[in-house]
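Have a look at the structure below before the remarks.
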Amino acid sequence: MTETYPPLSDRIQSTFIDTLFIVGLMFVIAGILDKMDNPPDWLRIVLFVSIWLVYEPLATTLGATLGNYMKGIRVKQAENSTKRIGFLQALVRYVVKVALGWISFLTITGNPKRRAIHDMAVGSVMIKI
């Protein structure tokens, strides 16, 4: 089976969709917390940090983020593109992606599998389905 690798534009659009989803989810949670009688600040902090830290790695491990799903792309293991990456791999991938920001995407156009730096760091690849 020959894989097709998504262009940079699909990956950027997927990231944008996920960012909008996370921000929307934050508004929903803020609305729920506002209806509570004086929720502690630590609860707000834990919920908001958890959304940003857990959403992408968990969704990636389970199959796809909302953005990945809508763009028809998936994160797979580089050595076996039929298998998903694990949660720890997905978490490290996300941390590297966030730490490097747009710099991580610079390598996409320069290699045949269009792997970003965060993909190379954990042995993952994005494929188009």
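The values are calculated or read from the model by the stated rules, or taken from the named source; none is laboratory data. Nothing here was measured: the structure is a model prediction, and the numbers come from that model. Virtual Cβ from ideal backbone geometry, glycine too; neighbours counted across all protein chains shown. Only protein heavy atoms, including side chains, enter the accessible area calculation; ligands, DNA and RNA are left aside. Shrake-Rupley method; radii C 1.70, N 1.55, O 1.52, S 1.80 Å.
Residues considered: 50, 14, 104. Largest GNM mean-square fluctuation over the chain, using C-alpha springs under 10 Å, is found at 50.
Please report the relative contact order for the chain, taking Cα pairs under 8 Å with a sequence separation of at least 6, and give it as a percent rounded to a whole number. Numbers along the way, then the final one.
Values: 152 pairs, mean separation 40.0, N = 129.
Taking the mean separation of contacting Cα pairs over the length of the chain, I get 31 percent.
A DSSP coil position with no more than 16 other Cβ atoms inside 10 Å describes the following trypsin sites (Lys or Arg not before Pro) in the stretch 64-129: 83, 113. For the chain, modelled as a Gaussian network with Cα springs under 10 Å, which listed residue fluctuates most, 36, 70, 26? With Cα springs under 10 Å in the chain, the top fluctuation among 36, 70, 26 is at 36.
Treating only the Cβ of Lys, Arg, Asp and Glu as charged (+1, +1, -1, -1), what charge dipole size does the stretch 1-65 show about its Cα centre? Round to the nearest 20 debye.
Here the size comes out at about 40 debye.
Multiplying the residue separation of residue 2 and residue 32 by 0.36 nm and removing their Cα-Cα distance gives an extension gain of 6.2 nm. Counting 0.36 nm for each residue step from residue 50 to residue 69 and taking away their Cα separation leaves a gain of 4.7 nm.
Based on the alpha-carbon gyration tensor of the stretch 7-50 and its eigenvalue square roots a ≥ b ≥ c, which shape applies: rounded if a/c is under 1.5, prolate if not and a/b is larger than b/c, or oblate? Prolate, since a/c reaches 1.5 and a/b exceeds b/c.
Under unit Cβ charges (Lys, Arg +1; Asp, Glu -1), what dipole magnitude, rounded to 20 debye, does the chain have relative to its Cα centre? Before the final figure, lay out each step's value.
Working: 14 positive and 9 negative charges, 106 e Å.
About 500 debye.
Just to be sure I understand: with springs between alpha-carbon atoms less than 10 Å apart, which residue in 18, 34, 119 has the highest mean-square fluctuation in the Gaussian network model of the chain? Greatest mean-square fluctuation among the candidates belongs to 34. Summed over the residues of the stretch 1-110 and divided among them, the accessible surface reaches 60 Å² per residue at a probe radius of 1.4 Å. When a 1.4 Å probe is rolled over the protein heavy atoms, the share of accessible surface on the stretch 38-99 that falls to carbon and sulfur comes to 68 percent. Annotation: amide H-H contacts under 5 Å for residue 123 (H modelled 1.01 Å from N, sequence separation of 5 or more, or interchain): none.
On full extension, the segment bounded by residue 13 and residue 106 gains 31.9 nm, given 0.36 nm per residue less the C-alpha separation.
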